[in-house]
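FYI, it's all coordinate maths here, none of it is from the lab. None of these values were measured; they are calculated from a predicted model. With ideal geometry, Cβ positions are generated from the backbone for all residues, glycine too; neighbour counts draw on all protein chains shown.
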Amino acid sequence: MKPSVCIDAVFENLSLAEACAKVKSSGIRAIEFWAWWEKDLDELEAAVKESDLTISACCTKFISLTDPSLRADYLEGLRESIVAAKRLGCEILISQVGDFRVGVPADEQHQSLVDGLKEAAPFLEDAGITLVIEPLNELVDHEGYYLVQSDEAFDIIDEVGSDRVRVVFDIYHQQISEGNLISNIVPNIEKIGHFHAAGNPGRHELQVGEINYPQVFGAIQSTGYEGYIGLEYWPIAEDPIEPLREVSALLGEVTN
């Protein structure tokens, strides 16, 4: 288990070079971010190299998978994202799935997701890159979003049937949507390719709120998961570095 810092959230007002330097000073060795197409990739590569960091994850283009009429656009965006990810040495692409289409039966939208991801799988398998679909909460942050419950996300992974299509389990979002974090994570760990974490309520540091992260991380560690835990939150601490160091130390203790 390794931490990575979402620089678009934790250090959203800093330049790429400044954000990467801050991450390095925390002792964490990896970053992630959202829209690669909004970044200067030359500048990003230089900043990552200067701070000797790894890019753990970024997003593919935000095109709905619930609408089959947009599937060709989604797949084209995915192909472009794969090219960018390979350039950046990034092995995880995060995909949101789109909003619920009012008036369209849920099972049709579910099937559209499955069919689209089945078409995407060969591109991912050829590239050696994993796409992770993201359930989000609709109660606080993403009203109208389609994929809310982790059980449906895991069902989609089963139906797609590719090791290169998995779930990003956002601990913050799923605490709001459904709770029962450990019992939902542990039996499904083989379907999870990435994690996000933030405190709840508020989406701030992991040390703030109701989620017992030492217990959650211990349960994840017990499964043998060796991937990244993406720290995706908006800090309230005057100095955001110390909370990052604390989480890094926690993950080190869990790992050991």
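For the condition buried (at least 23 other Cβ atoms within 10 Å of the Cβ) and either under 15 Å from the mean Cα position of the chain (by Cα) or among the acidic types (Asp, Glu) (or both), Val148 does not qualify. Check the stretch 171-179 and report whether any residue there is without any contact (Cβ under 8 Å) to a residue 12 or more places away in the chain, of a type in the set (Ser, Thr, Tyr) and over 20 Å from Ala30 (Cβ atoms). The answer is no; no qualifying residue exists. Condition test on Ala57, is it in contact with a Cys (Cβ under 8 Å, 6 or more places away or on another chain) and touching a residue at least 40 places away in the same chain (Cβ under 8 Å)? For Ala57, the condition - in contact with a Cys (Cβ under 8 Å, 6 or more places away or on another chain) and touching a residue at least 40 places away in the same chain (Cβ under 8 Å) - is met. Against the conditions (1) aliphatic (A, V, I, L, M); (2) under 21 Å from Gly89 (Cα atoms); (3) buried (at least 20 other Cβ atoms within 10 Å of the Cβ), Ile157 satisfies every one except (2).
The residues in the stretch 166-186 that are surrounded by fewer than 15 Cβ atoms within 10 Å (Cβ to Cβ) and in contact with a Phe, Trp or Tyr (Cβ under 9 Å, 6 or more places away or on another chain) can be counted, and the count is 0. Of the listed requirements (1) under 19 Å from Asn180 (Cα atoms); (2) over 21 Å from the mean Cα position of the chain (by Cα); (3) of a type in the set (Val, Ile, Thr), Thr223 misses just one: (2).
Would you confirm whether or not the stretch 217-228 contains a residue that is closer than 23 Å to Leu14 by Cβ and in contact (Cβ under 8 Å) with a residue 12 or more places away in the chain? So far as the stretch 217-228 goes, yes, one or more of its residues are closer than 23 Å to Leu14 by Cβ and in contact (Cβ under 8 Å) with a residue 12 or more places away in the chain. For the stretch 190-220, the set of residues classified as under 15 Å from the mean Cα position of the chain (by Cα) and under 24 Å from Asp158 (Cβ atoms) consists of Lys191, Ile192, Gly193, His194, Phe195, His196, listed by residue number.
The residue that is farthest from Asn188 (Cα to Cα), among those in the stretch 147-159 that are aliphatic (A, V, I, L, M) and touching a strand residue (DSSP E or B) at 6+ places or on another chain (Cβ under 9 Å), is Leu147.
Reported count of residues in the stretch 87-112, each being within 18 Å of the chain's Cα centre (by Cα) and aliphatic (A, V, I, L, M), is 5.
Candidates are the residues of the stretch 198-245 that are under 25 Å from Ile92 (Cα atoms) and of a type in the set (Asp, Glu); the one that is surrounded by the fewest Cβ atoms within 10 Å (Cβ to Cβ) is Glu226. With respect to the stated conditions, Glu253 fails to be acidic (Asp, Glu), surrounded by fewer than 17 Cβ atoms within 10 Å (Cβ to Cβ) and assigned to a loop (DSSP other than H, G, I, E, B). Looking at the structure I just gave you, is Ala85 touching a strand residue (DSSP E or B) at 6+ places or on another chain (Cβ under 9 Å) and farther than 28 Å from Glu178 by Cβ? When the stated conditions are applied, Ala85 passes them.
Within the stretch 85-98, at least one residue is in contact (Cβ under 8 Å) with a residue 40 or more places away in the chain, small (Gly, Ala, Ser), in contact with a Cys (Cβ under 8 Å, 6 or more places away or on another chain) and closer than 22 Å to Arg166 by Cβ.
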